[in-house]
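The values are calculated or read from the model by the stated rules, or taken from the named source; none is laboratory data. What you see is a predicted model; the values in this text were computed from it and never measured. Every residue, glycine as well, gets a Cβ built from its backbone with ideal geometry; the counts of neighbours run over all protein chains shown.
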Amino acid sequence: MKPLEHLIFGMVFALILFVIFPQISLIGFFLIVASTVLIDVDHYIYYAYTKKDWSLKNAYNWFIKNGKKYHKLSENQKKDIYFGICFLHGIEAIIILFAFSFYFTFFLFIITGFIFHQFLDFIDLTSRNLSRYKLISLTYSLFYTKNKKLIEDYN
């Protein structure tokens, strides 16, 4: 799912929560919306780190180009591929944020946005018959992708 789609769905979701639970306040509303989109910063960090390129435009284009390449592969070929590690897309990030929420309650809004983002990703990946391993945990992703190739290394 693209960032704009996450933003739109995140705004609708946060607005519904705000109407049902007005005690969330505008700060909570904006934190939920922002975290629904900004969780994907891990994709950008992965690109920037591996490519030594900090251009957000280049990162976006890299993911679009490789996504098209991926979709041209057979189902069998897709089983050997991964797009990199997403360290914020997993239960570990939620657990850490939850621990922080005992000291700063605004982390609960960030957790809400993260979980909603992952719910949207789950629906998107399922509808396109794609692997959902990144949504489980970082640890699982590291083991799952151990013998796989990066999409860009696939011929």
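General observations
- Scope segment 52-66; condition among the basic types (K, R) and more than 17 Å from L4 (Cα to Cα); matching residues: K52, K65
- Hits in segment 106-136 (condition: of a type in the set (S, T, Y) and more than 21 Å from F63 (Cα to Cα)): T112
- Helices (runs of 4 or more DSSP H) completely within segment 43-155 that count 1 or more residues being of a type in the set (D, E, K, R) and within 12 Å of the chain's Cα centre (by Cα): 107-127
- Within segment 13-25, considering residues that are in contact (Cβ under 8 Å) with a residue 60 or more places away in the chain and under 30 Å from I64 (Cα atoms), the one surrounded by the most Cβ atoms within 10 Å (Cβ to Cβ): A14
- Which listed residue is in contact (Cβ under 8 Å) with a residue 40 or more places away in the chain, surrounded by 14 or more Cβ atoms within 10 Å (Cβ to Cβ), more than 13 Å from H117 (Cα to Cα) and of a type outside the set (S, T, Y), from G10, G28: G28
- Residue tally, condition modelled with pLDDT under 90 and among the hydroxyl-bearing types (S, T, Y), over segment 47-78: 3
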